[in-house]
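A.B. asks: Before I ask anything, here is the structure I am working with.
Every number here is computed from the coordinates shown, using simple stated rules; none is lab data. Only a predicted model underlies this, so the values are computations on that prediction, with no experimental measurement involved. Ideal geometry is used to build each Cβ from the backbone, glycine not excepted, and the neighbour counts take in all protein chains shown.
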Ligand code: F0G
């Protein structure tokens, strides 16, 4: 029996870019899982949380009842912040383990909300959970030699196990919970596929909101599109790519007062922090040396940085792992800015000139992102500024990997038994590159985040393993992929017993 109590508070929707006026100008020129559950036992949250502009020179604060995706005064991104002195945070991380014995309670079953004390922006009664975050930190012995790591040193954080098949559910439960809290009736996102699948799922199961999703034309894999369609989302395909869809959905949400769940929404990133709590949990609460994550819109990397920064500030960890964010070469804005142009967070005073120049150049040349890793086919990452801050907190590095490297790494990950979609494999390809450079040491403990399930994009997988050269050329050759060195080819045989027996003896 559902009983929905909604706090109806002032709803203000403001949309701006994270760089404020400067980048605005640049842009103007271009132009089966567990049941839905609302939880009622109360968790004490007494106005602990507020929103704050991430720019230290602005730092304006806002009530959590306000719906904002940027600071109304300066246009920068917002954080959800807490008055930790008044929060009931465990003294040690292992105190969260007591919740494992209470898994009948959906709040403890959720891999996000069992860490509620570290994201206490609403009380339990508003939480909307689908049992997200039941994910695995897998020691990857078969993949470690490919990355050239010593035995026992590579781990894969498999976020494909989430209800909608990607890490997005970690963030969506948090954004959805906030939307529920403020009484929103419609939610929107632009998506390369996984955000839309996740949003559509939460809307369909809960019946609390209607989903409106924006996708670029031909830019979404069928695995993801099929989810959004079947879950009943209003699906709007626009001519253009993700960056175009992102700009448009911001405008439309503002115009119609629709709740926006893209990662500019600071509440979403609160949920994504928990991926790192579960990594720590999987490692007996000891931080690894490296977290390696694909970079698209840069929500994950931003959330991971905040998670570790907060844990360190709270005295719950003694050191912060290093962060490696991996772009696809065909969508490499972060790598270009961070590694090539040396753009840094600089205490909130990042040098905007090279950023604007880079964005202007992209506009002038009408340069569009292009990679087989469609989930990270993004040239204008909305969380760029927050990611720069995360890289600063985590002594981070950025790299880019080709589609060839992504698909080879993906085949290796799959052969190790945990399949992933192409974007996810960028993390493993990036770790391999950093290991070859000696940035990652052979004995370092490395966690690569696998962000999405293998079945999200079967086209890329089948084309890689196929003997059909025409299919290979069409799907992968056009992306500069030349070889399928780790392909597992299907064997075509006449339907004759003798031939089949001979083949099995030969191949196994
Ligand atoms: N991996 C997968 C599987 C994704 O779906 C995404 C983003 C990323 C990595 C990049 O993560 O934005 O936090 O850097 N997908 C978004 C979407 C953009 O619409 O589904 P990020």
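A.B. asks: What share of the DSSP beta bridges in the chain is antiparallel, in percent to the nearest 5?
C.D. replies: Taking every DSSP beta bridge within the chain, about 35 percent pair in antiparallel fashion.
A.B. asks: Take peptides 50-60, 446-456 and line them up by average Cβ neighbours within 10 Å, highest first, as a rough protection proxy.
C.D. replies: Per-residue Cβ counts within 10 Å, averaged per peptide and sorted highest first, yield 446-456, 50-60.
A.B. asks: Using 1/(1 + (r/R0)^6) with R0 = 45 angstrom and r between the beta carbons of residue 222 and residue 344, what's the FRET efficiency to the nearest 0.05?
C.D. replies: After rounding, the FRET efficiency stands at 0.70.
A.B. asks: Which three numbers, in whole Å and largest first, are the semi-axes of the equivalent ellipsoid of the chain derived from its Cα gyration tensor as √(5λ)?
C.D. replies: 34, 26, 24
A.B. asks: Label-point separation (nm) for residue 474 and residue 356, each offset 7 Å from Cα along Cα-to-Cβ?
C.D. replies: Modelled inter-label distance: 4.6 nm.
A.B. asks: State the Cα centre-to-centre distance between the stretch 464-508 and the stretch 162-200 in whole Å.
C.D. replies: 38 Å
A.B. asks: Separate question: Pull up the DSSP beta bridges for the stretch 114-222 and report the antiparallel fraction as a percent, rounded to 5.
C.D. replies: Approximately 45 percent, going by the DSSP bridge assignments.
A.B. asks: Taking R0 as 35 Å, what FRET efficiency do you get between residue 86 and residue 58 from their Cβ-Cβ distance, rounded to the nearest 0.05?
C.D. replies: 0.90
A.B. asks: Next question, about the same structure. Please report how far the C-alpha centroid of the stretch 146-160 lies from that of the stretch 264-313, rounded to the nearest whole angstrom.
C.D. replies: Value for the Cα centre distance between the two parts: 17 Å.
A.B. asks: Report the Cα centroid-to-centroid distance between the stretch 76-120 and the stretch 337-415 in angstrom, as an integer.
C.D. replies: When both Cα centres are located, 31 Å separates them.
A.B. asks: How do 165-174, 125-134, 436-445 rank on mean C-beta neighbours within 10 Å, highest first?
C.D. replies: The densest-packed peptide leads the list: 165-174, 125-134, 436-445.
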